[in-house]
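The structure under discussion is supplied below as structure tokens; questions concerning it will follow.
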Amino acid sequence: MKKVGAILSAFFDEATMQKAEAYSVLFGSWESLTAQCGLASAAAHSRIATFEHGMLLVEAEHPAWVNLLQTKQRELLEKVRARFADLGISGISFRLMKPDPYGASL
């Protein structure tokens, strides 16, 4: 049985695979990035929603969390850019998380 990585590498070139791995690490690093900015508690109430056209979009459960994250926006962006320089992150924005119709939370 082949591993998933071996199967995917047959379809994508090495550069694409490396970028995909970097995206995966980026999305998984939100907790550590917020902690580095003194916002460790915010990680449980927010998440990286998307990364498109150089913009990182973060969703938060409540307007208060959005506001708190916005106070550290510049610092968060600096940390993200330093850690993920190859991804070309140009900005970060925040929005209120849409309610889950099934009642699940983060």
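Can you give the three extents of the C-alpha atoms in the range 14-96 along their principal axes, from longest to shortest, in whole Å?
Sorted largest first, the three principal extents are 41, 21, 20 Å.
Can you give the % of DSSP beta bridges in the range 14-96 that are antiparallel, to the nearest 5? Walk me through the numbers on the way to the answer.
Numbers: 6 of 12 bridges.
Among the beta bridges of the range 14-96, antiparallel pairing accounts for roughly 50 percent.
Along the range 44-58, what does the Karplus equation 6.51 cos²θ - 1.76 cosθ + 1.60 (θ = phi - 60°) give for ³J(HN,Hα), rounded to whole Hz, x for Gly and Pro?
6, 10, 8, 7, 6, 8, 8, 9, 9, 6, x, 9, 9, 10, 10
Right, here's the next one. Please give the length that would be gained between T50 and A85 if that part of the chain were fully extended, namely 0.36 nm times their separation in residues minus their C-alpha to C-alpha distance (nm, one decimal).
Difference between extended and current length: 10.9 nm.
If amide H atoms are built 1.01 Å from N in the plane of the peptide, which residues on other chains or at least 5 residues away come under 5 Å of the amide H of M97?
Residues meeting the criterion, in which the H sits 1.01 Å from N, are A60, E61, H62.
Ok, one more. Just to be sure I understand the model, the point goes 7 Å from the Cα along the line to the Cβ. What's the resulting Y102 to S41 distance in nm?
Computed distance between label sites Y102 and S41 equals 3.0 nm.
Less than 17 Å apart at the alpha-carbon level, and either on another chain or at least 8 residues along: which aspartates and glutamates does that give for K19?
E52, D86
Then there is this: Return the sequence-ordered ³J(HN,Hα) values of the range 83-100 in whole Hz as given by the Karplus equation 6.51 cos²θ - 1.76 cosθ + 1.60 applied to θ = phi - 60°, using x for Gly and Pro.
Couplings: 6, 10, 4, 5, 8, x, 6, 9, x, 9, 9, 10, 8, 6, 5, 6, x, 7 Hz.
Every number in this text was worked out from the coordinates using simple rules, so none of it is lab data. Not measured: the values here are computed from a predicted model. When we count neighbours, we look across all protein chains shown, and the Cβ atoms used for this are built from the backbone with ideal geometry, even at glycine.
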